[in-house]
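Step one of this worksheet: look at the structure below.
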Amino acid sequence: MYRIVGKKEIAFNTTLFEVEAPEVARKALAGQFVVVRLDERGERIPLTIADFDRGKGTITMVVLSVGKTTKKLSRLREGDHILDVAGPLGNPAEMVENSVVACIGGGLGIAPIYPIARELKARGNRIVSIIGARSASLLFWEDRMREVSDELYVVTDDGSYGRKGFAVHQLLDLISSGMMIDRVIIIGSAIMMKVTSEATRPYGIKTIVSLNPIMVDGTGMCGSCRVTVGGKTRFACVDGPEFDGHEVDFDELLARLRMYSAEEKLADELYTQGVGACQSCQKNL
């Protein structure tokens, strides 16, 4: 059992959890993830390690409440326990030195891009960060990203905060202005990563994406997270989650992400109805 020692809502529908997991914290590296199961009957979901504290033996996860399991997780309180936190899983982010690296986090992707930017900064790289969301209410960790960045740009789709537009527009403006960028790292929605990867292709800038398709076991056994990269089948959980964005078949990935949409919608509806029908036992539904 893994105890929740901290919980805080950091943006609309977005919750930070600090969880006691000393063995995970001891080995965690930027870019890795855990697979979480809330209880005996719960599904397994992948969550990126957004931060870790080896001294306290804790990891930080940032969760957007969009489906049954994430909504159920969001109802837990400090002092409650999670049944399983398996990890760290996946390969850590590839590190470079003495380079100019653009770190782009879209929406929930701000959480996993933070430890990567922090580690790259510690290795002497110049970090140009761009964070974005649909609106100001969905932005978080601007302060943390500013601390680990030499330059930070903020964008929102609706213009409610920072520049109006998408992260790719800001990136292209920087490239057009003459900024020499050695590497781009993007974490966000699949469509955002696809569009940004295509935007950097003509410039020949190495572009890394972090793929989070459906994962179940997190060890490469189930095959749920297979993706095509450079014409070959790869498994995001063991071969990734980082891949060359210019080689990923994003159309296939987007199709796979829609495979279980009907089942996910039904599970969410049944859970929501159950919570509404039993206010006295919300935590256990």
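Expressed as a whole percent, the accessible area of segment 96-231 that falls on carbon and sulfur atoms is 51 (1.4 Å probe). Principal-axis analysis of the Cα atoms of the chain puts helix 110-122 at an angle of about 50° to the longest axis. Only aspartates and glutamates eight or more places from LYS121 in sequence, or on another chain, were considered; those with a Cα closer than 19 Å are ASP51, ASP53, GLU94, GLU97, GLU142, ASP143, GLU147, ASP150, GLU151, ASP182, GLU242.
Using the Cβ-Cβ distance between ASN13 and ASP53 with R0 = 25 Å, the FRET efficiency computed as 1/(1 + (r/R0)^6) comes to roughly 0.50. Bridge orientation summary for segment 133-249: considering DSSP beta bridges with both residues in this region, about 55 percent are antiparallel. Average projection, convex hull of the Cα set of segment 142-200: 4.5 square nanometres.
Taking every alpha-carbon pair under 8 Å whose residues sit at least 6 apart, the chain reaches a relative contact order of 16 percent. Taking 27 Å as the limit for the C-alpha separation, the pairs LYS72/LYS206; LYS7/LYS68; LYS72/LYS194 exceed it in the case of LYS72/LYS206; LYS72/LYS194. Separation of segment 105-154 and segment 178-203 by C-alpha centroid, Å? Segment 105-154 and segment 178-203 have Cα centres spaced 15 Å from each other.
On a per residue basis, the convex hull of the C-alpha atoms belonging to segment 1-78 measures out at 90 Å³. In this structure, THR233 and ALA262 have a Cβ-Cβ separation that, at R0 = 25 Å, corresponds to a calculated FRET efficiency of about 0.50.
On a per residue basis, the convex hull of the C-alpha atoms belonging to segment 17-145 measures out at 113 Å³. Summed over the residues of the chain and divided among them, the accessible surface reaches 47 Å² per residue at a probe radius of 1.4 Å.
In the assembled protein chains, SER65 presents an accessible area of approximately 10 Å² (probe radius 1.4 Å). Once all Cα-Cα distances of segment 108-224 are split into 10 Å bins that start at 0, what whole-number percent is in each one? The percentages, shortest bin first, are 13, 42, 33, 10, 1. From most to least packed by mean Cβ count within 10 Å, the peptides 162-169, 85-92 give 85-92, 162-169.
With the cut-off at 1.5 for a/c, could you classify the chain from its C-alpha gyration tensor as rounded, prolate or oblate? Cα axes put the chain in the prolate bin.
Dividing the helix sum by the residues of the chain, where each DSSP H run of 4 or more adds -39500 (n - 2.57), gives a mean residue ellipticity at 222 nm of -8000 deg cm²/dmol. From the Cα gyration tensor of segment 83-151, with a ≥ b ≥ c the square roots of its eigenvalues, which class applies: rounded if a/c is under 1.5, or else prolate if a/b is larger than b/c, or else oblate? The shape class here is oblate.
The values are calculated or read from the model by the stated rules, or taken from the named source; none is laboratory data. Just so you know, these numbers come straight off a predicted model, no measurement behind them. Glycine gets a Cβ as well: all are built from the backbone with ideal geometry, and neighbour counts include every protein chain shown. These area figures cover heavy atoms from the full protein model, side chains too; ligands, DNA and RNA do not enter into them. Shrake-Rupley method; radii C 1.70, N 1.55, O 1.52, S 1.80 Å.
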